[in-house]
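Enquirer: Structure below; questions to follow.
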Amino acid sequence: MAAGHPDGTAPCHHRNACEALDHGGYRKVKSLSEESFGDLLRVLRRQEGLSQEDLAAASGSSVRTIRELERCRVMAPQRRTVQTVADALRLAGDQRDRFVSLAEMNRFIGSDARAARAFLTTHQSGPGTRPARIPRQLPAALPDLIGRRRELSAIRRLAVLANGRTDHHTPLVVVHGPPGVGKTSLAVAGAYQVSSRFSDGQLFADLRGSSINGPATAADVLAQLLRSLAVPDTEIPPPGTAREGLFRTLVRDRRFLIVLDDAFDEAQVRPLLPATSQSMVLVTCRPPLSGLDAAGRIRLDTLSHEDARQMLAGLVGPRHAAADPDALDSLIRLCGRWPLALRIVGNRLASSPTWDTRDLLDRLGGRNGLLTALTAGDLDLRATFTMSYRQLAAPVATVFRSAAAIPGPDFDAALAAAAAGLAPADTAAACDDLVDVGLLQYHNGRYAFNDLVRLFAAECLDAAERDRRAADEGGCVSPRRPRIAVGAVGGPVAVGSG
Ligand SMILES: Nc1ncnc2c1ncn2[C@@H]1O[C@H](COP(=O)(O)OP(=O)(O)OP(=O)(O)O)[C@@H](O)[C@H]1O
Ligand SMILES: [Mg+2]
């Protein structure tokens, strides 16, 4: 089979094409591989000392197929053909991956193959090439992440699974939960713990799902990811399947850890998922995105009282913490063990050296005005809640704010329906939506607010009341606020509108 080929190049029995790529023939192959899959195929065939007929016979293809492949007349070579040709060329390991990838690039992107080749050139390693630029985009991790041991160990476990897989499904871990509860902090900390398993790099994208300016489009995020993979702007295909295809091609059979932070919905995430078994994707989001096929789901909640105390004590320092443990516990209760709120009060105390814990407690002023007081620099609990509230569908927002008027620690769907003036079935669905985005908690058939969320819901109710009054004065009729009274037996009951 290894007879001389028509160009008269001497057969090369003592080394296969892989060795040629790695050693003497590398530069030649590299420069030609920048041209096309066909050129690469021709170089490898000749280095194996094969004629087109030899390669056709060895791979079970027709001579015409080999010829057309080398002439780049086949833009989408069959996967089976590429594999059998790679076998016949005795390609293995990285070199084989590279050969298959280049064929795949033709398959996926056709005329955008130049972009893929640019990537291949950048990421090739070997004598005479610059080392590949490996993206390492994780933002800084918190130096003081508290608790979350169970969740971190789940992420580590899933990363081990990711590395052991051989199918074409990328393990996906969804971290979801209420606003400001620590999803991003956990995902970043977890990503650092497993990053060494993903040797081709770590990609990070902010999907802006809870941004005031609206979520990023999947196409924009893909463009950003492609740039991170060294694809120049001019080579990024237009939005759509070509762009997705290029991304999947470039990450295929590689080990990337991809963190998609603050996702909005499933449709935004799906185009960003590779189809490779060696990578892993960590998604953070407020709603659970239950339409995604996740290998792991982590629902984050507020911290335990112990963890909250450790967090606050760490932020304010041992002197403050030890001086007035009762005040510290009151702060923790006021913050509802909510990480963002704890971070805010901790930062405020730490940056006001003349205050002690009791001073801060006084300044927070009990429940009235608490949300206004809970800001520190650009950390703002109300603003964080507001984004979630604005994204609620109208009936869900109605149920949310009207439930703030229900006295008592919790309520059922019937009572929420009476408070909202909506049908029970619609209200039950709305309550479940609120649980999904972390604005309500559910236990044993009853719903409950976290204290801080209830304060926020009450503010929303007051604002809606003001709007209603303004609309009434302007001649518009709008639904009235329900009055809820505490019944003699059996807790609160709705008593009508007023
Ligand atoms: N386990 C933790 N230990 C210490 N600080 C934490 C922890 N979790 C969160 N924080 C702090 O709480 C704040 C909010 O955290 P983070 O931004 O991760 O929340 P999030 O759930 O991603 O919020 P969003 O829903 O707005 O995206 C941050 O300032 C962070 O420092
Ligand atoms: Mg976040």
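The values are calculated or read from the model by the stated rules, or taken from the named source; none is laboratory data. Owing to the predicted nature of the structure, the values given are computational and were not obtained by experimental measurement. No Cβ is skipped: glycine too gets one built from the backbone with ideal geometry, and neighbour counts run over all protein chains shown.
Enquirer: Please tell me if residue 298 is away from ligand 1 (no atom under 16 Å from the Cβ) and not in a helix (DSSP H, G or I).
Expert: no
Enquirer: Still on this structure: Output the number of residues of the stretch 433-454 satisfying the condition of being in a helix (DSSP H, G or I) and in contact with a Gly (Cβ under 7 Å, 6 or more places away or on another chain).
Expert: Going through the stretch 433-454 one residue at a time, the tally reaches 2.
Results for (1) within 16 Å of ligand 1 (Cβ to nearest atom); (2) outside any helix (DSSP H, G or I); (3) under 15 Å from residue 316 (Cα atoms), shown as yes or no for each residue.
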position	(1), (2), (3)
337	yes, yes, no
342	yes, no, yes
347	yes, no, yes
359	no, no, yes
362	no, no, no
372	no, no, no
385	yes, no, no
389	yes, no, no
392	yes, yes, no
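Enquirer: Considering each of 273, 312 in turn, give the residue that is buried (at least 24 other Cβ atoms within 10 Å of the Cβ) and either touching a residue at least 24 places away in the same chain (Cβ under 8 Å) or more than 16 Å from ligand 2 (Cβ to nearest atom) (or both).
Expert: Matching residue, one of 273, 312: 312.
Enquirer: While we're on this one: Applying the selection to the stretch 329-348, what residues are in contact (Cβ under 8 Å) with a residue 40 or more places away in the chain and either among the small types (Gly, Ala, Ser) or within 16 Å of ligand 2 (Cβ to nearest atom) (or both)?
Expert: Correct list: 336, 338, 339, 340, 341.
Enquirer: Is there a residue being at pLDDT 95 or above, within 30 Å of residue 456 (Cβ to Cβ) and more than 13 Å from ligand 1 (Cβ to nearest atom) anywhere in the stretch 205-213?
Expert: Yes, the stretch 205-213 contains a residue that is at pLDDT 95 or above, within 30 Å of residue 456 (Cβ to Cβ) and more than 13 Å from ligand 1 (Cβ to nearest atom).
Enquirer: Looking for whichever is touching a Lys or Arg at 6+ places or on another chain (Cβ under 6 Å) and outside any helix (DSSP H, G or I) here; the options are 257, 303, 282, 292. Which one fits?
Expert: Checking each option against the conditions leaves just 303.
Enquirer: Ok, one more. Which residues, counting only those in the stretch 404-414, are touching a residue at least 40 places away in the same chain (Cβ under 8 Å) and either in contact with a Ser or Thr (Cβ under 9 Å, 6 or more places away or on another chain) or part of a loop (DSSP other than H, G, I, E, B) (or both)?
Expert: Scanning the stretch 404-414 gives 404, 405, 406, 407, 408.
Enquirer: While we're on this one: Enumerate the pairs (first residue in the stretch 178-207 and within 11 Å of ligand 2 (Cβ to nearest atom); second residue anywhere and among the hydroxyl-bearing types (Ser, Thr, Tyr)) with beta-carbon separation below 7 Å, excluding pairs fewer than 6 apart on the same chain, so at least 6 apart or on different chains.
Expert: Sorted first by the residue in the stretch 178-207, then by its partner, the pairs are 179/210; 179/384; 179/388; 180/384; 181/302; 183/284; 184/284; 187/284.
Enquirer: Going through 430, 457 one at a time, which residue ends up being under 15 Å from residue 405 (Cα atoms), of a type in the set (Gly, Ala, Ser) and either part of a helix (DSSP H, G or I) or in contact with a Phe, Trp or Tyr (Cβ under 7 Å, 6 or more places away or on another chain) (or both)?
Expert: 457 is the lone residue from the list that is under 15 Å from residue 405 (Cα atoms), of a type in the set (Gly, Ala, Ser) and either part of a helix (DSSP H, G or I) or in contact with a Phe, Trp or Tyr (Cβ under 7 Å, 6 or more places away or on another chain) (or both).
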